[in-house]
Structure formats: structure tokens, C-alpha cells
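Down below is the structure, laid out as C-alpha cells.
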Amino acid sequence: MGSDRRGPRLAILAFAGVIATGLAAPWVAPEPNRVDLERILAPPSSDHWLGTDGLGRDVLVRLAHGARVSLGVGVVTALLSVLIGLPLGAIAGYRGGFWDGAVSRAIEAALCFPALLVALAILSAGPGWLVRLPDTLRIAAALGFLGWTPAARYVRAEFLRLKGDEAIQAARATGASTFRVVTRHLLPRSLGPALVTIAFGASAAALGEAALSFVGLGISPPTASWGEMLFEAMRHMGTAWWLALFPGLALFVTVYGWNGLAEAFRRALEPRPSPS
């Protein structure tokens, strides 16, 4: 049991380190694009702890600023999934009938398309207003276009399960309005599974941002991004191993942390067996 719980704790602890690094980056290392032409592709040393890239920029500094991008995209995508998926799932589960059928068909249609390919299409040939958004919002909007579906599915399922509960029936019998029944009784009891899916969605968004930046449709240079750093590392794979290792590790820790947070939510919200 102890080892089972140690996994999420280690993941959250490592994730907290990524968050702290990203938050402190503008003050501790304010110049991620500073070029040092005398130390191009310098290996890790006391001057540059994680080495430098092909322009002589400090890898550690750029990793710290890249953490802000990865975390920002993950959080904004998660918020979008809540703002879209939660109301749709609630309407489908509570109203039933036509509304349930319409939302369910929309979810099924969305699940037919790979989310990353849809994001690529949106970013490469999307509407003009999307291009004018800040990079973080632009990428989150593309990733969140289909990212709302897990939250909608779980909220819908919970509403369908709970709306026949005795407590809900009693609230209706006392004359409680639909808004009160949904917001005070159904929604709070349905958020548990949605929180787990949202954390997993943020994890997928971090990977999606790195993939989009890797192919040149993500964060605009010279802004630091782990995907862009991995793309540059590909050009120096045989001579500068640190360029791929450290951004890859940072991405792994971030995804591991989001997944650990989701697992912690799941364990905290799962029903406890009643004492005999």
C-alpha cells in the first residue's frame, strides 16, 4: 500500500519543482535568448549547468522558460475543457431526450478524429482571428477544440446516475428550481471524475504543445519551448547529447506530474469502505 501511494506523491513533488522553476524563471533567469557566440554547443559545465545550444544560449534558462509555456498550455486547455465540456455534459445528463442525443452524437463525432491532427489543421489553416491570439491561447484553443469530450462524457454519466437519487428527488419535491438542483446537488457530486479527466487532459496538452512546436506550428521563435528545443536537438544529435536529454526529461517529468495529480484526485475521491 505504501509503495502504491508513493508513486503519485513523487510525481506531484517532481511536478511542483517544474512549477516552481517556471514561476521563478523571469526573475532568476530573465534572458532566455541571450547569445554567447564563444560557447556554442558547450557541454554542461560550471558556467552552463546544462550546456548551451547551437546559438550559445543557456539550455537551463530556456528549459525554465519553456516550463511556463508547457504549464500555461496545459492549464488553459484544461480550463477550456471545463468551460465547454461541463455544461454540455450537464445538459445532456439532466435534460435527457433530444439534448442527450445531440450531445452524445457530438461527442461520438469528435472522438472519430485524432485530436493532434485536428489541432495541426486548425493552426495551419484556421481562421484569421486565431492567428492574432497569444501563442499560449492559440495552441490551447486548437488542442481544446476536441479536448472537452472526456469531461462532457463523465459529467453526463454522473448526472444520469445521480438524478434519480433520493436526495435529488427530495430537493425537487421541496420546490427547488432546476438551477438549484443542478448547481447545489448534482454538479458538486459529479466533479470528481471530471477533475481526473481534466488532469489527464492537461498532460496530453503538454505533449501536444511539444509536438506542435516540434513541427513548427506551436510557439513562435525565439520564445523558448521544449518542442522547439527538441527540434534543434535533432540537428545536433551526434555531437550535443544534452540538447535532447534535458528537454525530454523536463517533458517526461511534467507529464508524469499531471498524471500523478490525476491519480491523486482519483484516490482522494474514490469511496471508502465503511468500517464493519
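The values are calculated or read from the model by the stated rules, or taken from the named source; none is laboratory data. Since the model is a prediction, treat every value here as computed from it, not as a measurement. Reconstructed Cβ throughout: ideal geometry from the backbone, glycine too, with neighbour counts over all protein chains shown.
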Out of everything in the stretch 61-119 that is under 18 Å from the mean Cα position of the chain (by Cα) and among the hydroxyl-bearing types (S, T, Y), what residue ends up being nearest to R161 (Cα to Cα)? S81
Can you tell me how many residues in the stretch 11-60 are closer than 24 Å to G257 by Cβ, more than 22 Å from the chain's Cα centre (by Cα) and of a type in the set (A, V, I, L, M, F, W, C)? 7
Within the stretch 118-137, the residues that are surrounded by 20 or more Cβ atoms within 10 Å (Cβ to Cβ) and in contact with a Leu (Cβ under 6 Å, 6 or more places away or on another chain) are A119, L123
Criterion (surrounded by fewer than 16 Cβ atoms within 10 Å (Cβ to Cβ), under 29 Å from A14 (Cα atoms) and either touching a residue at least 12 places away in the same chain (Cβ under 8 Å) or of a type outside the set (A, V, I, L, M, F, W, C) (or both)) met by exactly one of P193, P221, P188, P247: P221
Go through (1) surrounded by fewer than 20 Cβ atoms within 10 Å (Cβ to Cβ); (2) out of contact with any Asp or Glu (no Cβ under 9 Å at 6 or more places or on another chain); (3) over 30 Å from A250 (Cα atoms); (4) of a type in the set (V, I, T) one by one and return the number of the condition V75 breaks. (3)
Hey, could you check the stretch 224-244 for residues that are in a loop (DSSP other than H, G, I, E, B) and in contact with a helix residue (DSSP H, G or I) (Cβ under 8 Å, 6 or more places away or on another chain) and say which is surrounded by the fewest Cβ atoms within 10 Å (Cβ to Cβ)? M237
Scanning the stretch 60-72 residue by residue, those crowded, with 23+ Cβ neighbours inside 10 Å and either out of contact with any helix residue (DSSP H, G or I) (no Cβ under 6 Å at 6 or more places or on another chain) or part of a loop (DSSP other than H, G, I, E, B) (or both) turn out to be R62, V69
Neighbours by Cβ (under 8 Å, 6+ apart or cross-chain): first from the stretch 147-173, surrounded by fewer than 19 Cβ atoms within 10 Å (Cβ to Cβ); second basic (K, R): L162/R189; A171/R180; A171/R184
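Residue under question is A115, and the condition is that it be surrounded by fewer than 14 Cβ atoms within 10 Å (Cβ to Cβ) and under 29 Å from A152 (Cβ atoms); does it hold?
Values: surrounded by fewer than 14 Cβ atoms within 10 Å (Cβ to Cβ): no; under 29 Å from A152 (Cβ atoms): yes.
So A115 fails the test.
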Exception for S81 within (1) of a type in the set (S, T, N, Q); (2) touching a helix residue (DSSP H, G or I) at 6+ places or on another chain (Cβ under 8 Å); (3) farther than 20 Å from A211 by Cβ falls at (3)
Could you tell me which numbered condition G97 fails, if it satisfies all but one of (1) exposed (fewer than 14 other Cβ atoms within 10 Å of the Cβ); (2) more than 22 Å from L186 (Cβ to Cβ); (3) among the small types (G, A, S)? (2)
A careful count of residues in the stretch 174-187 that are under 17 Å from G164 (Cβ atoms) and within 26 Å of the chain's Cα centre (by Cα) gives 2
Only one residue in R5, R34, R62 is modelled with pLDDT under 90, among the charged types (D, E, K, R) and more than 16 Å from R156 (Cα to Cα). Which one? R5
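Looking at the stretch 26-59 only, could you name the residues that are hydrophobic (A, V, I, L, M, F, W, C), free of Cβ contacts under 8 Å to residues at least 60 places away in the same chain and surrounded by fewer than 17 Cβ atoms within 10 Å (Cβ to Cβ)?
Filtering the stretch 26-59 for residues hydrophobic (A, V, I, L, M, F, W, C) gives 27-29, 35, 37, 40-42, 49-50, 55, 59.
In the following step, the residues that additionally are free of Cβ contacts under 8 Å to residues at least 60 places away in the same chain were identified as 27-29, 35, 37, 40, 42, 49, 55.
Answer for the stretch 26-59, where residues must be hydrophobic (A, V, I, L, M, F, W, C), free of Cβ contacts under 8 Å to residues at least 60 places away in the same chain and surrounded by fewer than 17 Cβ atoms within 10 Å (Cβ to Cβ): W27, V28, V35, L37, I40, W49, L55.
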